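The values are calculated or read from the model by the stated rules, or taken from the named source; none is laboratory data. Every value quoted in this text rests on a predicted model; they were computed, and no experiment measured them. Using ideal geometry, Cβ is built from the backbone for each residue, glycine included, and neighbour counts are taken over all protein chains shown.
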Amino acid sequence: MTRSEKADLLLQIAQERILVKDGPYGSMIQSYKLDEDGFRGGRSFNHDQKGDNDLLNVTRPEIVGEICDAYLAAGADIVATNTFNANAISLSDYGIQTMAREINIAAAQITREHADRWTAKDPAKPRFVVGALGPTNKTLSVSPNVNDPGYRAVSFDEVKAIYREQIDGLLEGGVDFVLVETVFDTLNAKAALVAADEAAEALGEELPVMVSMTLTDLAGRNLSGQTVEAFWHSIRHVRPLTMGLNCSFGATELQPYVADMNGRVDSLVCVYPNAGLPNDMGAYDEPPELTAKLVRKWAEAGWINVVGGCCGTTPAHIKAIADAVRDLPPRQKPSLIPALRLSGMEAASFF
């Protein structure tokens, strides 16, 4: 089945029920309490690797596989690769930027293997694999030097190139779609989307994408200052499979923005909140039952097509969410009135 056919299948299923996305790898990996040797997995490196979660795709694939399998067992229809920081910019913090492609190929292969195994067990519930692209630790829209507002640590072409390398690896490993997630900088996301388009063109096929924005404050804007609607206007032209929100807040804080997207976004809506807000120690205390109860309210209101978990959520959260939305109908995509839709910090529509 081609990637376009996989996208058609997902859209068909989304007309019938709410799909469930998986949860994060980071907090799950922390539960293994790995030391430096645990991350290295017997390999030699010139820099410390403790905390390099993406490296585990290569050095400890059994751990990544166990986590992926746990989310699939919990009921996830869509599983993402463990590649949030698997790009040359972020991996340079660990001195392994040259391993980006290798890590992405391995991550995609692990996730593909486990997803296909679960699909084979129950062909009526096909599982989809998305290649996760995080925002990197650089920003194209904001200067990191307060004394030089025009300065940028990286260029658009450099960010596009590192995303292209990552996407090529994910595609070689067998992902169905690409997920540009936790978007704090719209220009970074655009670099990723251009890279995805170029990667698809090189293969002579279409590459379906999913896009997920993150809010940096309760004013409802990302770091580069855009509202949710303005961001949607900025990326709507790529016709993403899903548009949505993740990270930043728990379901309570995200609720008004999820509601606002409902009538403005004419793609599927995908939201995966944190397990509430972090406590004083940076941990997440919200139990699965509460997260599921809050998310169910979104489903009852008809606001979501895909739902999952972000920081602090576990397979138990994903199972509770899957159980909570199982009997509820999916959101119906609106038919928007034709208009000229523009965006700066705010959205502007001219009918």
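Mind counting the residues in segment 181-209 that are in contact with a Gly (Cβ under 8 Å, 6 or more places away or on another chain) and not hydroxyl-bearing (S, T, Y)? First the steps, then the outcome.
Step one: list which residues in segment 181-209 are in contact with a Gly (Cβ under 8 Å, 6 or more places away or on another chain), which gives 181-182.
Now drop any that are not not hydroxyl-bearing (S, T, Y), which leaves 181.
Number of matching residues: 1.
Looking at G244, G276, G225, can you tell me which residue is in a loop (DSSP other than H, G, I, E, B) and either among the basic types (K, R) or in contact (Cβ under 8 Å) with a residue 60 or more places away in the chain (or both)? Walk me through it before giving the result.
Values: G244 fails: in a loop (DSSP other than H, G, I, E, B); G276 fails: either among the basic types (K, R) or in contact (Cβ under 8 Å) with a residue 60 or more places away in the chain (or both).
Only one candidate passes the filter, namely G225.
Rundown of residues vs (1) loosely packed, with under 13 Cβ neighbours inside 10 Å; (2) in contact with a Gly (Cβ under 6 Å, 6 or more places away or on another chain), yes/no style:
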site	(1), (2)
N104	no, yes
K138	no, no
P149	yes, no
A161	no, no
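Collect the residues in segment 222-235 that are on the phi < 0 side of the Ramachandran plot and either surrounded by fewer than 19 Cβ atoms within 10 Å (Cβ to Cβ) or polar (S, T, N, Q) (or both), keeping them in residue-number order. I'd like the intermediate steps shown before the answer.
Going through segment 222-235, the residues on the phi < 0 side of the Ramachandran plot turn out to be 222-224, 226-235.
Passing the criteria: N222, L223, S224, Q226, T227, S234.
Identify the residue in segment 309-322 that is in contact with a strand residue (DSSP E or B) (Cβ under 8 Å, 6 or more places away or on another chain) and assigned to a helix (DSSP H, G or I) and, among all such residues, is surrounded by the most Cβ atoms within 10 Å (Cβ to Cβ). Working first, answer last.
First pass over segment 309-322, keeping only residues in contact with a strand residue (DSSP E or B) (Cβ under 8 Å, 6 or more places away or on another chain): 309-313, 318, 321-322.
Remaining after also requiring assigned to a helix (DSSP H, G or I): 318, 321-322.
Values: I318: 28, I321: 32, A322: 19.
Among those residues, the one meeting the criterion is I321.
When the residues of segment 76-98 are filtered to those that are over 21 Å from the mean Cα position of the chain (by Cα) and crowded, with 20+ Cβ neighbours inside 10 Å, which remaining residue is nearest to L171 (Cα to Cα)?
I96
Would you tally the residues in segment 225-262 being within 16 Å of the chain's Cα centre (by Cα) and among the basic types (K, R)?
0
Could you list, in sequence order, all residues of segment 247-265 that are in a helix (DSSP H, G or I) and not small (G, A, S)? Please lay out each step first, then the result.
Kept after step one, since they are in a helix (DSSP H, G or I), are these residues of segment 247-265: 251-261.
Matches in segment 247-265: T252, E253, L254, Q255, P256, Y257, V258, D260, M261.
Please find, among E36, E66, the residue that is more than 18 Å from V129 (Cα to Cα) and not small (G, A, S).
On the way: E66 fails: more than 18 Å from V129 (Cα to Cα).
Just a single option satisfies the conditions, and that option is E36.
So, in segment 208-221, how many residues would count as being crowded, with 21+ Cβ neighbours inside 10 Å and either out of contact with any helix residue (DSSP H, G or I) (no Cβ under 8 Å at 6 or more places or on another chain) or touching a residue at least 60 places away in the same chain (Cβ under 8 Å) (or both)?
If we filter segment 208-221 for residues that are crowded, with 21+ Cβ neighbours inside 10 Å, which is where we start, we get 208-213, 215.
Among the residues that remain, those that are also either out of contact with any helix residue (DSSP H, G or I) (no Cβ under 8 Å at 6 or more places or on another chain) or touching a residue at least 60 places away in the same chain (Cβ under 8 Å) (or both) are: 208, 210, 212.
Residues in segment 208-221 being crowded, with 21+ Cβ neighbours inside 10 Å and either out of contact with any helix residue (DSSP H, G or I) (no Cβ under 8 Å at 6 or more places or on another chain) or touching a residue at least 60 places away in the same chain (Cβ under 8 Å) (or both): 3 in total.
Give the residues of segment 219-250 that are aliphatic (A, V, I, L, M) and modelled with pLDDT of 95 or more, sorted by residue number. Before the answer, list the steps.
Pass one, segment 219-250, residues aliphatic (A, V, I, L, M): 219, 223, 228, 230, 235, 238, 241, 243, 245.
If the condition is that a residue be aliphatic (A, V, I, L, M) and modelled with pLDDT of 95 or more, then V228, A230, I235, V238, L241, M243, L245 are the ones that fit.
Out of the residues in segment 132-150 meeting the condition of being in contact with a helix residue (DSSP H, G or I) (Cβ under 6 Å, 6 or more places away or on another chain) and in a loop (DSSP other than H, G, I, E, B), tell me which one is nearest to N246 (Cα to Cα). Even if it seems obvious, please write down each step before you answer.
Filtering segment 132-150 for residues in contact with a helix residue (DSSP H, G or I) (Cβ under 6 Å, 6 or more places away or on another chain) gives 133, 135-138, 140-141.
Of the ones still in play, those that are also in a loop (DSSP other than H, G, I, E, B) are 135-138, 140-141.
Working: P135: 12, T136: 16, N137: 17, K138: 19, L140: 20, S141: 20 Å.
Only one residue fits best here, namely P135.
When the residues of segment 206-218 are filtered to those that are more than 22 Å from P144 (Cβ to Cβ) and assigned to a loop (DSSP other than H, G, I, E, B), which remaining residue is modelled with the lowest pLDDT?
As a first pass, look at segment 206-218 and keep what is more than 22 Å from P144 (Cβ to Cβ): 206-212, 218.
With assigned to a loop (DSSP other than H, G, I, E, B) added as a condition, the list becomes 206-208, 218.
On the way: E206: 94, L207: 97, P208: 98, L218: 89.
Among residues in segment 206-218 that are more than 22 Å from P144 (Cβ to Cβ) and assigned to a loop (DSSP other than H, G, I, E, B), the one modelled with the lowest pLDDT is L218.
Please find, within segment 279-289, the residue that is surrounded by the fewest Cβ atoms within 10 Å (Cβ to Cβ) out of those that are part of a loop (DSSP other than H, G, I, E, B) and not hydrophobic (A, V, I, L, M, F, W, C). Steps first, answer last, please.
Step one: list which residues in segment 279-289 are part of a loop (DSSP other than H, G, I, E, B), which gives 279-283, 285-287.
If we keep only those that are not hydrophobic (A, V, I, L, M, F, W, C) too, we end up with 279-280, 282, 285-287.
On the way: N279: 11, D280: 5, G282: 8, D285: 12, E286: 21, P287: 14.
Looking at residues that are part of a loop (DSSP other than H, G, I, E, B) and not hydrophobic (A, V, I, L, M, F, W, C), I get D280.
Here is a list: V306, V295, V325. Which entry is touching a residue at least 40 places away in the same chain (Cβ under 8 Å), buried (at least 22 other Cβ atoms within 10 Å of the Cβ), closer than 20 Å to Y71 by Cβ and over 19 Å from the mean Cα position of the chain (by Cα)?
Numbers: V306 fails: over 19 Å from the mean Cα position of the chain (by Cα); V295 fails: over 19 Å from the mean Cα position of the chain (by Cα).
Exactly one of V306, V295, V325 is touching a residue at least 40 places away in the same chain (Cβ under 8 Å), buried (at least 22 other Cβ atoms within 10 Å of the Cβ), closer than 20 Å to Y71 by Cβ and over 19 Å from the mean Cα position of the chain (by Cα), namely V325.
Just wondering, is there one or more residues in segment 150-164 that are out of contact with any Cys (no Cβ under 6 Å at 6 or more places or on another chain), among the acidic types (D, E) and farther than 26 Å from R101 by Cβ? Give the steps one after another, and end with the answer.
Looking only at segment 150-164, we keep the residues that are out of contact with any Cys (no Cβ under 6 Å at 6 or more places or on another chain), and these are 150-164.
Then drop every residue that is not among the acidic types (D, E), which leaves 157-158.
Cutting the leftovers down to farther than 26 Å from R101 by Cβ gives us none.
No, segment 150-164 contains no residue that is out of contact with any Cys (no Cβ under 6 Å at 6 or more places or on another chain), among the acidic types (D, E) and farther than 26 Å from R101 by Cβ.
Mind listing just one residue for me: the one in segment 14-53 that is closer than 16 Å to P330 by Cα and either under 20 Å from the mean Cα position of the chain (by Cα) or modelled with pLDDT under 95 (or both) and, of those, surrounded by the fewest Cβ atoms within 10 Å (Cβ to Cβ)? So that I can check it myself, show each step before the final result.
Of all residues in segment 14-53, those closer than 16 Å to P330 by Cα come to 14-21.
Right, trim to either under 20 Å from the mean Cα position of the chain (by Cα) or modelled with pLDDT under 95 (or both) and you get 14, 18-21.
Values: A14: 21, I18: 24, L19: 23, V20: 26, K21: 28.
By that ranking, first place goes to A14.
So that you can scan it fast, the table gives a plain yes or no per residue for (1) hydrophobic (A, V, I, L, M, F, W, C); (2) in contact with a Pro (Cβ under 9 Å, 6 or more places away or on another chain); (3) more than 30 Å from G225 (Cα to Cα):
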residue: I103; (1), (2), (3): yes, no, yes
residue: E113; (1), (2), (3): no, no, yes
residue: T119; (1), (2), (3): no, yes, yes
residue: K138; (1), (2), (3): no, yes, no
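Somewhere in segment 187-205, is a residue in contact (Cβ under 8 Å) with a residue 60 or more places away in the chain, surrounded by 22 or more Cβ atoms within 10 Å (Cβ to Cβ) and either part of a helix (DSSP H, G or I) or not aliphatic (A, V, I, L, M) (or both)? Steps first, answer last, please.
Looking only at segment 187-205, we keep the residues that are in contact (Cβ under 8 Å) with a residue 60 or more places away in the chain, and these are 205.
With the extra rule that they be surrounded by 22 or more Cβ atoms within 10 Å (Cβ to Cβ), the set shrinks to none.
The answer is no; no qualifying residue exists.
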